[in-house]
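The values are calculated or read from the model by the stated rules, or taken from the named source; none is laboratory data. None of these values were measured; they are calculated from a predicted model. Cβ sites come from the backbone with ideal geometry, for glycine too, and all protein chains shown count toward neighbours. Heavy atoms of the whole protein, side chains included, go into the accessibility calculation; ligands, DNA and RNA do not. Shrake-Rupley method; radii C 1.70, N 1.55, O 1.52, S 1.80 Å.
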Amino acid sequence: MFSCRLDGTGTLELKFLRWLAATRIPKETHIQPGAPYTPGNTRTGTPSLNPQGLTDMLDYRLYLTYRDCGYITEQLLQKEFGVNRRRWRILASVNEQEGATLNRLAERAELDKVQASRTVGTMVREGYLKRLSNPGNARFASIVFTDKGRALHDAILVRYRAANIALVDALSADEARELDRLLAKIRQGASRASN
């Protein structure tokens, strides 16, 4: 399975080995031992079609993009709001699915249940979130915003959107649409390769 997950500290976790083992790579794409390294595909000039080394590998190039873009958004969250990305992902997930259970929020935020539980617990104690108990089963409490939490989410969203728009400012509208299409296609390919 190939997946990328933020762990809240800004590092990228790559679950790549199982995906790689399950992926059928045609023999002609294997690099012969001792073959000289030349960046990019000499046939097409496109490294993605024939990666020759680490800097041509899609996952590494996506990691570098994530690192560079992530630094900007991480700094914004920390400096302006005192919030890390894990907390932001919980806030954004509550906004999208207010009243969801902890397990559903963890799934939506791409966090494991322990990380999500700790983050939600801290945010409940700080007054940003509230747990609404389920009389039938305490394990299925709903997580909702407090007024303080809603205000924090809304303030972050304005600045975070502006930062994201600035990150793609060098692209034309057509290039931005193509980027969105290609990213979705890559994720679909990764999902298919992991099954």
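The set of residues in the stretch 61-108 that are of a type outside the set (A, V, I, L, M, F, W, C) and closer than 30 Å to N50 by Cα comprises R61, Y63, T65, Y66, R67, D68, G70, Y71. Is there any pair with a first residue in the stretch 87-106 that is of a type in the set (K, R) and a second that is modelled with pLDDT under 95 and surrounded by 18 or more Cβ atoms within 10 Å (Cβ to Cβ) whose Cβ atoms are under 6 Å apart and which are 6 or more apart or on different chains, and what are they? Pairs that qualify, where the first residue is of a type in the set (K, R) and the partner is modelled with pLDDT under 95 and surrounded by 18 or more Cβ atoms within 10 Å (Cβ to Cβ), are R89/A109.
Restricted to the stretch 139-195, and to residues that are of a type in the set (S, T, Y) and in a helix (DSSP H, G or I), which residue is farthest from V94 (Cα to Cα)? Walk me through it before giving the result.
The first filter runs over the stretch 139-195 and keeps only residues of a type in the set (S, T, Y), leaving 142, 146, 160, 172, 191, 194.
Among the residues that remain, those that are also in a helix (DSSP H, G or I) are: 160, 191, 194.
Working: Y160: 16, S191: 25, S194: 29 Å.
The residue in question is S194.
For E98, the conditions (1) in a loop (DSSP other than H, G, I, E, B); (2) on the phi < 0 side of the Ramachandran plot; (3) open to solvent by less than 40 Å² (accessible area, probe 1.4 Å) all hold with the exception of (3).
Of the residues A151, A138, the single one that is loosely packed, with under 13 Cβ neighbours inside 10 Å, modelled with pLDDT of 95 or more, farther than 26 Å from Y66 by Cβ and over 16 Å from the mean Cα position of the chain (by Cα) is A151.
May I ask you to list the residues in the stretch 107-128 that are part of a helix (DSSP H, G or I), in contact (Cβ under 8 Å) with a residue 40 or more places away in the chain and among the acidic types (D, E)?
Taking the stretch 107-128 as the starting set, the residues that turn out to be part of a helix (DSSP H, G or I) are 107-109, 113-125.
Next cut, in contact (Cβ under 8 Å) with a residue 40 or more places away in the chain only: 115, 119.
Passing the criteria: none in range.
Being of a type outside the set (A, V, I, L, M), open to solvent by less than 90 Å² (accessible area, probe 1.4 Å), modelled with pLDDT of 95 or more and in contact with a helix residue (DSSP H, G or I) (Cβ under 6 Å, 6 or more places away or on another chain) holds for only one residue in G127, G121, and it is G127.
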